[in-house]
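The structure appears right after this line, and notes come after that.
No value in this document is a laboratory result; all are computed from the given coordinates. Remember, predicted model here, so these are calculated numbers, not experimental data. Neighbour counts are summed over all protein chains in view; Cβ atoms, including those assigned to glycine, are modelled from backbone coordinates with ideal geometry.
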Number of protein chains: 2
Amino acid sequence: MLDVAEACRRAAAAFDPYRHTPDADRAAFLRAIAARLEASAEPLVTAVREETALAEARARGELARTAGQLRMFADLLGDPSWAAPKHLPAQPDRQPLPRPDLRSRSVPLGPVAVFGASNFPLAFSTAGGDTAAALAAGCPVVVKGHPAHPHTAALAADCVLAAATETGMPEGVFALVVGEGNEPGQRLVADPRIAAVGFTGSRAGGLALLAIAQARPVPIPVYAEMSSVNPVFLLPDRLAEAAGEVAAGYVASLTASAGQFCTNPGLLFAVEGEALDKFRAAVIDLIHPQKAQPMLTPAIAAAYRAGVAAFAGQPGVSQLAAGSGEDAPVVFQTAVETFRSTPPLHDEVFGAAGLLVTCRAAGDLVEVARSLPGQLTATLQAAPGDRDLAASLLPVLELRAGRIIYNGWPTGVEVVPPMVHGGPYPATSDSRSTSVGTMAIDRFLRPVSYQGFPPNLP
Amino acid sequence: MLDVAEACRRAAAAFDPYRHTPDADRAAFLRAIAARLEASAEPLVTAVREETALAEARARGELARTAGQLRMFADLLGDPSWAAPKHLPAQPDRQPLPRPDLRSRSVPLGPVAVFGASNFPLAFSTAGGDTAAALAAGCPVVVKGHPAHPHTAALAADCVLAAATETGMPEGVFALVVGEGNEPGQRLVADPRIAAVGFTGSRAGGLALLAIAQARPVPIPVYAEMSSVNPVFLLPDRLAEAAGEVAAGYVASLTASAGQFCTNPGLLFAVEGEALDKFRAAVIDLIHPQKAQPMLTPAIAAAYRAGVAAFAGQPGVSQLAAGSGEDAPVVFQTAVETFRSTPPLHDEVFGAAGLLVTCRAAGDLVEVARSLPGQLTATLQAAPGDRDLAASLLPVLELRAGRIIYNGWPTGVEVVPPMVHGGPYPATSDSRSTSVGTMAIDRFLRPVSYQGFPPNLP
């Protein structure tokens, strides 16, 4: 295993040859990684299950997604528009001065540091979305593996390294570094050869790396996807028409993979009334039989318990529904006035904990939406009769979230070109970007223009 | 005149109605500003000349450029692709789960703070490039006028405000704030209603605003264009073939507007020899008759004198050529070894001061290029016989500059789609952006995706 400085040194040496590889060769590299991950499905799925307690179907699905992401970026490289080329021919006869020929295109930033996420041991870790986007852009990658799944990380790294050799990529184009505690990651972000950072994890972790990146002699961009409670607005007609269906969708989204998704629907807003009572009853019925699922790590389970206890201890907050077992799903409820005056209720509890915030009038929904900080997602559950209220909420939500969902649920992030998995601070450290979908490549590029160059250069 | 907080309050109130104006209406607003600036040409040119000492032709040219920038963004809004819309239709029959309809587009960040530049009282100030880009994006603008040209700023602000009224834009969409010292600008960047900052000026000023923006409870992006010495590489065959022509182009670019351009060619690199001697002789002949031109402000003139004195006092640095008068153009020369071991020689001297760095071999050019920090521009003067050397320099330069120029000069920035007026730190605070050309609008946008929405929403 390389140490951080040596991995960075090799990544820097690889940068120039790697960024000049033809797009088709980088695409072949990405496809070779995908193929090798799939060929290693059995050991990878076994490692994921042993290290994270995720279910087999989830591990297999995540592996398919990881391979799909790599192929999506390989496909993207097949269309030269990925580098946003522009060309304006010269006007030699322009008055008062001739206009020179001008071209522009995007170039890669340099070696990228990627931090593996605890909750996506494959799709947001070693060979995950950040790595795929950076490698597609022409940036070597140094991954800091998440300490919760070192064996999974090592197996995935072997796939990347073998694919690099197979497709003739320069040595140093990829490295996995590991190490205990925060110090190796901090050294990685501080290393002068690193040009950008991709991170998925806690707000404290993301902000610590951001501070290091900003304090460098040459500051670098940090794309940290940090925290989100993903508010859901249950509009009156929708609840009146489909309380049971909405409850089923909610509970399924809240409890999948023990709620350990960045896009888990932590907050529900609804107006008091008969329809909400029906929704509550359905949620109680659906949550009650749920059992505790093992969480990713003991630290995550401990944080979940502490978060649940903090909610339970707030005056004005009651438990609406709970499953059985210490880490089981739980839904609390409170009135909007209590929610607004109790900042700890705005915090993310990572896991299957929900909070139903009840309002007295539809107008309260718009008002409380205005008070929300940046989110990865916001969701509207609305019937045709809710159109005006939805239209009032939408402009508020689109300034506060990277993705707005209509009559769906926030978990289950499609890996497609129009996907935005990002959002205003503190959901991420850079609202102008996404970490999922083809636009994720833009995080690792910058534009350069070329003036007056002859056709054989650059 | 509004105070900072009141201007920000009004800008925040204007944001929602303004961002929902049809593109065609914002385009009409931008065109109306351009028309009013042109209709006020006489008082504007007079104010510029009185406040900045810039020549009349320069003032008129800058006014034309300012109007042209506004119209360029108006034209951009005529093509819906400015907001990067994407759409992937639903796949209701996809297995194992249906795929929802997904759309994405860019939305404006919010009210933008723009800092007027000392050296472009029109094109990079009140109604300048940052203002035009932000208004086009749908962001209200609060301009902090540069204290060196308050009357020019007030006249331009009147044009913007009258155009806003004429085209029915919401009140508060634009404001000019003034004030002595740094404090009003600092309060502007710290104001929680401001969502992004555009700045053109000194490195100290840009970094101070960046620190304020990063320390806010909700950090915001700062696009600061700060400093650049714009290295020029004179390759051997080019000098041998056209020493006189190259010298003429160099001196014209160095001395235009008393050298007060961000893209002024402060550094020249060349290989010792007969051709360079001819170039030197031509530069001496061309610089000698040059007279001091009045500089923009007494403070800028004082900084120029101090910078020139600092260069003159460095051991190993000699004066190659100088005009007459205290603030006249001057060209120093030194050997590459001295340059590399003397960090003060790497600093920008704002004004018509150049430094010729002489090398012993062509390979030294590539080596010294690798040592350069981020720049707005880098220039190659090359003949066909220099192709291999140019091809070696190009990949080094494109990682260090936003624009590479071939057989031209860096001053004279075309306002066109492929223009990149930006570059790696410390040339700017955000290498992923440009402050000139249509791509400048991207600084004030973020992507949002919409999942499963019916056709009548959003």
So what are the ³J(HN,Hα) numbers for the stretch A:128-134, from phi and the Karplus equation (6.51, -1.76, 1.60; θ = phi - 60°), rounded to whole Hz, Gly and Pro as x?
-> x, x, 5, 4, 4, 5, 5
Residue order, fewest to most surrounding Cβ atoms within 10 angstrom, among A:79, B:430, A:237 | A:79, A:237, B:430
Taking the Cα-to-Cβ direction at residue A:326 and at residue B:272 and moving 7 Å from each Cα, how far apart do the two end points lie in nm?
-> 7.7 nm
Tell me, what is the percent relative contact order of the stretch A:232-406, built from C-alpha pairs under 8 Å that lie six or more residues apart?
-> 30 percent
Expressed in nm to one decimal, what extension gain is obtained for the pair residue B:337 and residue B:9 from 0.36 nm per residue of sequence separation less their Cα-Cα distance?
-> 112.6 nm
Teacher prompt: residue B:61 distances to equivalent labels in other copies, 7 Å Cα→Cβ, nm | 6.3
Counting DSSP beta bridges with both partners in chain B, what percentage is antiparallel, nearest 5?
-> 30 percent
Note, residue B:331: beta-carbon cut-off 13 Å, +1 each Lys/Arg, -1 each Asp/Glu, net 0
How big, in percent, is the set of alpha carbon pairs in the stretch A:232-406 lying more than 27 Å apart?
-> 20 percent
Chain A, convex hull of Cα, quarter of hull surface, nm² -> 24.6 nm²
Calculate the length of the line joining the C-alpha centroid of the stretch A:384-418 to that of the stretch B:112-139, in whole Å.
-> 33 Å
Note the distances from residue A:158 to each other copy's matching label point, with points 7 Å along the Cα-to-beta-carbon direction, in nm, sorted shortest first.
-> 7.7
Residues whose built amide H sits under 5 Å from the amide H of residue B:126, excluding neighbours closer than 5 in sequence, are none
Mind putting a number on the dipole of the stretch A:1-54 about its Cα centre? Charges go on the C-beta only, +1 for Lys and Arg and -1 for Asp and Glu, and I need it in Debye to the nearest 20.
-> 180 debye
For the stretch A:280-357, shape from the Cα gyration tensor axes a ≥ b ≥ c, cut at a/c of 1.5 then a/b versus b/c, turns out oblate
For the stretch A:303-427, the dipole about the Cα centre with charges only on Cβ (Lys and Arg +1, Asp and Glu -1), to the nearest 20 debye, works out at 120 debye
The FRET efficiency for residue A:95 and residue B:216, from their Cβ-Cβ distance with R0 = 51 Å and rounded to 0.05, is 0.60
Translational diffusion of the stretch A:373-420, µm² s⁻¹ [Kirkwood Rh, Cα pairs; Stokes-Einstein; 25 °C; 0.890 mPa s] = 215 µm²/s
Cβ-Cβ cut-off under 10 Å around residue A:262, Lys and Arg +1, Asp and Glu -1: the net charge is -2
Please give every one of the lysines within straight-line cross-link reach of residue A:278, meaning a C-alpha to C-alpha distance under 16 Å, and leave out same-chain neighbours fewer than 8 residues apart.
-> none
The ³J(HN,Hα) series, computed from each phi in the stretch A:371-380 with the Karplus coefficients 6.51, -1.76 and 1.60 at θ = phi - 60°, rounded to the nearest Hz and given as x for glycine or proline, is 8, 7, x, x, 9, 5, 9, 9, 10, 10
Long-range HN-HN contacts of residue A:401 with modeled amide H, under 5 Å = A:375
Looking only at the stretch A:404-448, which residues have a backbone nitrogen under 20 Å from a spot 7 Å from the Cα of residue A:245 in the C-beta direction?
-> A:405-412
How would you rank B:93, A:388, going from fewest to most other Cβ atoms within 10 Å of each one's own Cβ?
-> B:93, A:388
Taking the stretch B:1-69, how much of its Cα-Cα pair set, in percent, is spaced more than 13 angstrom apart?
-> 72 percent
Per the axis that maps chain B onto chain A, nearest residue of B (Cβ criterion) and its distance in Å = B:214, 3
Tilt relative to chain B, helix B:150-166 - C-alpha long axis, 0 to 90 degrees, to 10 | 30 degrees
If one compares the long axis through the Cα atoms of helix A:4-19 with the longest principal axis of the Cα atoms of chain A, the angle in degrees, nearest 10, works out at 60 degrees
Around residue B:107, which amide H atoms from residues at least 5 apart in sequence, or from another chain, sit under 5 Å from its own amide H, with H modelled in the peptide plane?
-> B:446, B:448
Apply the Debye scattering formula to the stretch B:113-224, with a single equal point scatterer on each alpha-carbon and no solvent, then give log10 I(q)/I(0) at q = 0.12, 0.14, 0.16, 0.20 Å⁻¹.
-> -0.37, -0.51, -0.67, -1.04
Estimated vicinal HN-Hα couplings, Hz - the stretch A:200-207 in sequence order (Karplus 6.51, -1.76, 1.60; Gly, Pro = x) | 10, x, 6, 5, 4, x, x, 5
Per residue convex hull volume, Cα only, the protein assembly as shown, in Å³ is 156 Å³
Efficiency of FRET between residue B:25 and residue B:347 - r from beta-carbon atoms, R0 45 angstrom, step 0.05 = 0.45
In nm, spacing of pseudo-spin labels at residue B:288 and residue B:162 (7 Å Cα→C-beta vector) | 5.1 nm
Let me have the 222 nm mean residue ellipticity of chain B computed from DSSP H runs of 4+ only, each contributing -39500 (n - 2.57), with the sum over all residues rounded to the nearest 500.
-> -13500 deg cm²/dmol
Please arrange B:159, B:8 by counting, for each residue, the other beta carbons lying within 10 Å of its beta carbon, fewest first.
-> B:159, B:8
Share of alpha-carbon pairs per 5 Å distance bin for the stretch A:347-398, given as whole % | 4, 15, 27, 28, 16, 9, 2
